[in-house]
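Reviewing the structure listed below.
The values are calculated or read from the model by the stated rules, or taken from the named source; none is laboratory data. Remember, predicted model here, so these are calculated numbers, not experimental data. In this analysis, Cβ positions are derived from the backbone assuming ideal geometry, glycine residues included, and neighbour counts consider all displayed protein chains.
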Ligand SMILES: [Zn+2]
C-alpha cells in the first residue's frame with residue numbers, strides 16, 4: 001500500500017508540472033476535473049506539442065485531452081497533439097459562450113494540429129464536452145425535486161467518489177435498469193443517457209404510465225474517478241469496468257451488483273437494461289434473440305419502432321454474446337435471464353440528433369415494454 005501511495009503522490013506531482021515544458025509566457029492548467037494532457041513540449045514560441053498518455057496499457061484507443069491555456073500577451077499558437085501508442089480519435093473543442101464549439105483542425109496520419117488565439121483569459125480545450133461529476137450532480141439534483149424520485153448513493157469509487165442512483169418506484173416488482181459512463185471519454189453516450197432519462201422521468205403521458213408499471217433504476221456515472229482524471233478507459237485500478245461484471249472485483253461494479261442483488265432479494269424482477277457508451281458510429285449491441293427465450297424479440301421490436309419513428313437516424317444493430325467477457329449486457333442476460341443492450345452513440349454524431357434519438361428511443365422502449373407486459 002505504501003508503494004502505491006508513493007506512486008500516486010509521484011504521479012500527482014508529475015501531473016502538476018505540465019508547465020515545465022513551456023516558456024514563461026504560456027500557461028497550461030490541468031488542475032480541474034476531466035483535465036488531462038500527458039507530456040508537453042514547446043517547439044518554439046508559437047508551437048506546442050502535446051503527447052497524450054493513457055492511465056495504463058494495454059488500452060482501447062480513446063486518447064482524451066482537456067486543458068486550459070493562456071498567454072501573457074495575445075498571440076496565435078499552433079497546438080499539435082499526438083497519442084502515445086495510439087492515434088487521435090476526438091475532434092478538438094473549445095468552451096465559449098457557455099457551450100462547446102468544434103475547433104477547425106488538420107488531421108495528419110495519427111496526429112492533429114490546430115491554431116488558437118491566446119490571451120490572458122484561459123481557453124478551455126477538450127476532446128469532447130466536459131461532463132464531470134458536478135454536472136451530473138446538478139442534473140440529478142434537478143430531477144430529485146420531483147416527489148417520485150429518490151436520489152441516493154449506492155457505493156463509492158476507489159478514490160471515494162460517490163456512485164449515485166436516481167430511482168422511481170412503481171407498485172409492481174418489474175425493473176428497468178439504466179447505467180452509463182463506464183468509459184470516461186464516451187461523452188456522446190452520456191449525453192444520450194441524460195436526455196433518455198429526462199424523458200423517462202418527464203410528465204408525458206407514456207412516461208407517467210410507464211412509471212406506474214415499472215420501477216426505474218438509473219446509475220449514470222459508474223466511473224467517477226476515471227471521469228475526474230480524464231482517463232481513456234479504465235478505473236483507478238487500471239481495469240476496464242465493462243469487462244468486470246462477471247467477477248465484480250472492482251468496487252464501482254460491485255456496488256451496482258450488490259444493489260441489484262438487493263432489489264432481487266426483495267422480490268424485484270429485472271426486465272430490461274440499457275448501458276450507454278460511445279464508439280465510432282451509432283450502433284446498438286444486442287443479445288442474440290436465440291440466446292434467451294424470455295421476451296426474445298423485445299430488443300428488435302423496440303429498435304424496429306425506433307427506426308420507423310426516426311428515419312433520419314440509422315439504427316444499426318449487432319447481436320453478440322460472450323459469457324466470459326464481463327460485459328454489462330451479458331451479465332444482465334446471464335444473471336437475470338433477460339435481454340439488454342449496449343446503446344452506442346458515434347463520437348461525432350450531431351448533438352441535436354443524439355437528443356432527438358434519445359427521446360424517441362426512450363419513448364419507443366417504454367411503449368415496447370408496456371406492450372410486452374400486457375401479453
Ligand atoms: Zn464503452
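Structural remarks
- Scanning region 103-121 for residues that are without any contact (Cβ under 8 Å) to a residue 40 or more places away in the chain and exposed (fewer than 11 other Cβ atoms within 10 Å of the Cβ) returns 104, 109.
- Test: residue in region 361-374 that is under 24 Å from residue 182 (Cβ atoms), within 16 Å of the ligand (Cβ to nearest atom), part of a helix (DSSP H, G or I) and assigned by TED's automatic domain parsing to the domain that holds residue 189: no
- For region 244-298, residues that are in contact (Cβ under 8 Å) with a residue 12 or more places away in the chain and not in a helix (DSSP H, G or I) total 31.
- Qualifying residues in region 228-243 (those that are part of a helix (DSSP H, G or I) and within 13 Å of the ligand (Cβ to nearest atom)) - the one surrounded by the fewest Cβ atoms within 10 Å (Cβ to Cβ): 243
- For region 175-195, a residue qualifies if it is within 16 Å of the ligand (Cβ to nearest atom) and under 15 Å from residue 369 (Cα atoms), and exactly one does: 178.
- Taking first residues from region 185-201 that are assigned by TED's automatic domain parsing to the domain that holds residue 234 and partners that are within 16 Å of the ligand (Cβ to nearest atom) and part of a helix (DSSP H, G or I), the Cβ contacts under 8 Å between residues at least 6 apart in sequence or on separate chains come to 188/354; 191/354; 192/354; 195/354.
- Residue, surrounded by the fewest Cβ atoms within 10 Å (Cβ to Cβ), within region 262-280, restricted to residues that are within 16 Å of the ligand (Cβ to nearest atom) and closer than 18 Å to residue 329 by Cβ: 279
- Applying the criterion of being modelled with pLDDT under 95 and under 14 Å from residue 28 (Cα atoms) to the residues of region 71-91, the residue that is surrounded by the most Cβ atoms within 10 Å (Cβ to Cβ) is 71.
- A count restricted to region 321-355 and to residues that are at positive phi and either free of Cβ contacts under 8 Å to residues at least 60 places away in the same chain or more than 16 Å from the ligand (Cβ to nearest atom) (or both) stands at 1.
- Residue 121 meets the conditions (1) assigned by TED's automatic domain parsing to the domain that holds residue 337; (2) away from the ligand (no atom under 16 Å from the Cβ) in every case but one. The failed one is (1).
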